[in-house]
C-alpha cells in the first residue's frame, strides 16, 4: 500500500539527500508557493507542500539522474505515486517526458524556475527581501536574459499557458507564496 507522507517526513527525507543550504531554501520556497496555490485551487495543502519540498530531492546527490533517482527513492519508501508523478512532471521536457496534468503538477512545473528568479531578484534589492518586491521588478529581470541566466524562462511561459494565466498573475501569486515563508527562505531581509 502506498503512503501519504507528512510535512515532517518530507522535510527529514529532503535533509537526508540535500545538504546545501541554498537548495534547502529553494525547496522551502517552492513548498510555500505550492501551499499558497493549493489554497487558491482548493487543493490539499499538505500534499502540495510536500511535493514542493521533495521536487528536487535527488538534485544535489544525483544530478545526472534528476527526477529518475527521486522516483526510485520514493518508490523504495512506498510513497504514494501522486508525489512521484508530480516530482517527475516538474522537469517535463528537460529530463523527463512526464507531462504535467493535474493543477498541482502544472503549478509545480511553473513556479520551480520562477521562485529561483524571484529569489535572485530579491537578493539584488537593497532590502534583500521578498516582502517589498513588486511584479514589475521581477518582470524586468525576467526580460533580462543575462540576469539569473540559468532560469528557464520558456518553462515558466509554458507553465503560464498550461495554467491559462498570464505571467504577471503567476509572478504576483508566487511572490505572495514566498512572502509566507520569507524568514525561512532567507528573504525577510532588512525590513
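Just so it is clear, none of the values below were taken in a lab; they were calculated from the coordinates. Computed from a predicted structure; not experimentally measured. Cβ atoms come from the backbone with ideal geometry, glycine included; neighbour counts cover every protein chain shown.
The table that follows gives values for the structure above.
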item	result
Rounded to whole Å, sorted largest first: equivalent-ellipsoid semi-axes of the range 85-191, Cα gyration tensor	24, 14, 12
Rounded if a/c under 1.5, otherwise prolate or oblate - the range 1-110, Cα gyration tensor axes	rounded
Peptides 105-116, 141-152, 22-33 ordered by average Cβ neighbours within 10 Å, highest first	105-116, 22-33, 141-152
Relative counts (whole %) of C-alpha pair distances in the chain, using bins that are 10 Å wide	10, 40, 38, 12, 1, 0
Relative compactness, the range 93-145, computed as alpha-carbon Rg over 2.2 N^0.38 Å	1.38
Kirkwood hydrodynamic radius (C-alpha pairs) into Stokes-Einstein, the range 1-57, 20 °C and 1.002 mPa s, D in µm²/s	190
Packing-based ranking, highest mean first, of 65-72, 44-51 given that Cβ atoms within 10 Å are counted	44-51, 65-72
